[in-house]
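Before any comments, here is the structure.
The values are calculated or read from the model by the stated rules, or taken from the named source; none is laboratory data. What you see is a predicted model, and the numbers here were worked out from it, not measured in a lab. Don't worry about glycine lacking a Cβ; one is built from the backbone with ideal geometry, like all the others, and counts go over all protein chains shown. Side chains included, ligands, DNA and RNA excluded: accessible areas come from the protein's heavy atoms. Shrake-Rupley method; radii C 1.70, N 1.55, O 1.52, S 1.80 Å.
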Amino acid sequence: MIIHSIQAAIGKTPLLKFTHQEFKEIPETSAIYAKLEYLNPGGSIKDRLGSYLLEEGFAQQKITNKTTIIEPTAGNTGIGLALAALGAGLQTIFVVPEKFSLEKQALMQALGAKIVHTPTEEGIQGAIRKAKELHQEMVDSYLPLQFENSANPAAYYHSLAPELVVDLGPKITSFVAGIGSGGTFSGVARYLLEQNSAIRLIGVEPEGSILNGGPSHSHEVEGIGVEFIPPFFAELPITEFATISDNAAFAMTRKLAKQHGLLVGSSSGAAMAAALVEIAKLPMGSQAVTIFPDAGDRYLSQAIYSREDY
Ligand code: PMP
């Protein structure tokens with residue numbers, strides 16, 4: 001396959017089938033399919049968002065070839081946007097809460113981005129506030145704001161979700177995926193619902209996220225978990241939220257690496273742990289789809305595959 005830019009390699013990721021042979025929790029004749037989004041060129045699902053946001057920004061004339069892109073991000077969106085911006089010759093500034101993975105920040109910088117830090121205690125809300133301030137101060141800047149921008153779910157509605165239906169047909173029993181901004185979950189869920197109104201929609205969050213009504217506190221799983229309900233969930237008939245402990249997520253992440261050769265991040269471990277609970281509840285012959293959003297090598301400094309406490 002000859003391509004003319006690395007951005008052309010975004011999307012069309014493989015879908016890995018797991019059966020009873022790999023995981024005894026999966027009933028015979030049922031299957032879990034994991035979309036391997038970590039194989040995108042920037043190492044995450046957010047490559048799709050980065051290129052879609054810039055396409056939309058240009059199409060709606062919010063961006064010219066002199067615009068600086070500013071965004072609050074835990075990291076993967078920054079990498080995805082930096083990759084897309086590089087292709088379009090644009091500058092990027094990302095506002096990142098300090099605690100987030102150093103590797104992700106180094107990758108954003110490698111792609112030419114500038115990073116502005118906000119205090120860890122202020123969470124992603126602090127990063128959003130700071131990014132808004134920077135945007136106000138800078139003439140010809142564009143703030144896509146993934147947490148509010150309907151282009152976020154649209155990116156997945158138009159790219160990832162149709163790929164699932166091409167590979168599996170319309171009869172997917174259950175969609176199980178992690179929630180950070182909620183863009184992936186709601187974009188894919190809406191598309192799959194149009195194909196099968198009986199589909200079960202399972203949102204995955206870490207302990208410390210608020211979707212099941214639990215108290216908000218910090219967690220080690222990175223990339224998922226919310227401090228507020230994503231606006232994209234309005235009118236989405238979500239079946240239930242699965243709250244996964246750090247312990248269960250990291251144990252599954254290690255298992256995926258050691259037994260299956262999948263070098264994914266902890267949000268993939270959380271998603272797989274939830275998908276296994278879900279498939280075990282469903283009748284034989286069911287199909288659950290989940291998503292492995294990013295690669296684990298960006299968490300090596302946090303000892304993702306070796307820590308003893310999880
Ligand atoms: N997993 C990881 C590793 C992520 O970085 C993100 C995005 N924050 C997600 C899952 C969740 O994606 P979304 O923002 O579309 O809900």
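All but one of (1) within 14 Å of the ligand (Cβ to nearest atom); (2) closer than 15 Å to LEU90 by Cα hold for LYS66; which doesn't?
(1)
Which residue, of SER209, SER216, is closer than 26 Å to VAL96 by Cβ and either away from the ligand (no atom under 13 Å from the Cβ) or surrounded by fewer than 18 Cβ atoms within 10 Å (Cβ to Cβ) (or both)?
Step by step, each of SER209, SER216 is checked, and only SER216 is closer than 26 Å to VAL96 by Cβ and either away from the ligand (no atom under 13 Å from the Cβ) or surrounded by fewer than 18 Cβ atoms within 10 Å (Cβ to Cβ) (or both).
Taking segment 155-179 as the search range and keeping residues that are open to solvent by less than 10 Å² (accessible area, probe 1.4 Å) and hydroxyl-bearing (Ser, Thr, Tyr), which one is nearest to the ligand (Cβ to nearest atom)?
TYR156
How about segment 140-224: which helices (runs of 4 or more DSSP H) wholly inside it have at least 2 residues that are farther than 30 Å from ASN65 by Cβ?
Helices (runs of 4 or more DSSP H) meeting the threshold: 160-168, 183-195.
Hey, can you tell me all the residues within segment 28-59 that are open to solvent by 30 Å² or more (accessible area, probe 1.4 Å) and more than 21 Å from the chain's Cα centre (by Cα)?
If the condition is that a residue be open to solvent by 30 Å² or more (accessible area, probe 1.4 Å) and more than 21 Å from the chain's Cα centre (by Cα), then GLU28, THR29, PHE58, ALA59 are the ones that fit.
Does GLY78 count as buried (at least 19 other Cβ atoms within 10 Å of the Cβ), more than 13 Å from the ligand (Cβ to nearest atom) and in a helix (DSSP H, G or I)?
No: the conditions fail for GLY78.
How about segment 180-206: which of its residues are buried (at least 21 other Cβ atoms within 10 Å of the Cβ) and among the small types (Gly, Ala, Ser)?
GLY180, SER181, GLY182, GLY183, SER186, GLY187, ALA189, GLY203
Exactly one condition in (1) within 16 Å of the ligand (Cβ to nearest atom); (2) touching an Asp or Glu at 6+ places or on another chain (Cβ under 8 Å); (3) open to solvent by 20 Å² or more (accessible area, probe 1.4 Å); (4) not in a strand (DSSP E or B) is false for GLU227; which is it?
(2)
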